[in-house]
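Before any comments, here is the structure.
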Amino acid sequence: MIQPADLPDTIAVFPLPGALLLPRSRLPLHIFEPRYLQMLDDALKTPARLIGMVQPNPGPGSDSRLHSIGCAGRVTQFSETEDGRYLITLTGISRFRVRKEVDGFTPYRRCAVDWTGFDRDTGKSEADANFDRQRFLALLGRYFQARDLAADWETLKDADDELLVNSLSMLLDFDPEDKQALLEAPCLRTRRETLVTLIEFALRGGTSEETLQ
């Protein structure tokens, strides 16, 4: 496990709209653009093997801005296809705050980052003492039915709090800004509350009795 003291001051970043990585969670990625193949090659040469996932934050006059908070993942699995593409898995290590973009000779983007304030990310898995799993799964069932989605309900019932909330936050089809809100949630309880709000909004809301927060 990477210790906080081992986290570098500068990392490669992969701006990808709608892609969410959370600490202790896994994100599969398909790498095929030459600049990101170079990024992967360079990351694999470092001890930490870190790549920072951060969402673009376009604004007036600039399409290249980034959100201020992202999450770094360690390359824990990778395989090469016959035509030179890579299938990789990033395991979330810690969120970070972008301090500034670093100019250099790499074809991909690099940022100076600050890890301060995200100590819980490199600790133990979080629990949510106020989690009403039965009501949450009932709400999730309505969402899946409305979207015509299938699920392994036995696995969902047995998953621990963090795995369940984080996996759904990463997998469900929310807008990039909503994904960013889930990323920036300070603790698991807040992320679960945000997730519930997003699901209820997607279902056009409900009565006050259906609010799970």
Seminar exercise, completed: Any aspartates and glutamates whose Cα falls less than 14 Å from that of K157, other than same-chain ones fewer than 8 residues away, would be D132
Seminar exercise, completed: One checks the Cα atoms of segment 133-210 and finds Rg and Dmax, in Å, of 11.9, 31
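Just want the ordering: L164, L21, from fewest to most Cβ atoms lying within 10 Å of their own Cβ.
L164, L21
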Seminar exercise, completed: Quick shape summary for the chain, equivalent ellipsoid via Cα gyration tensor, semi-axes whole Å in descending order, reads 31, 18, 18
Seminar exercise, completed: Placing +1 on each Lys and Arg Cβ and -1 on each Asp and Glu Cβ in the chain, then taking the dipole about the Cα centre, the residue among L139, L171, Y36 whose Cα reaches farthest towards the positive end is Y36
Seminar exercise, completed: Any aspartates and glutamates whose Cα falls less than 17 Å from that of K100, other than same-chain ones fewer than 8 residues away, would be D9, D63, D114
Problem set entry | Electrostatic dipole magnitude of segment 1-57 [Cβ: Lys, Arg +1; Asp, Glu -1; Cα centre; debye, to 20] | 180 debye
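Read-outs throughout are calculated quantities, based only on the coordinates presented, and are distinct from any laboratory measurement. Fair warning: this is a prediction, and the values are worked out from it, not measured in the lab. When we count neighbours, we look across all protein chains shown, and the Cβ atoms used for this are built from the backbone with ideal geometry, even at glycine.
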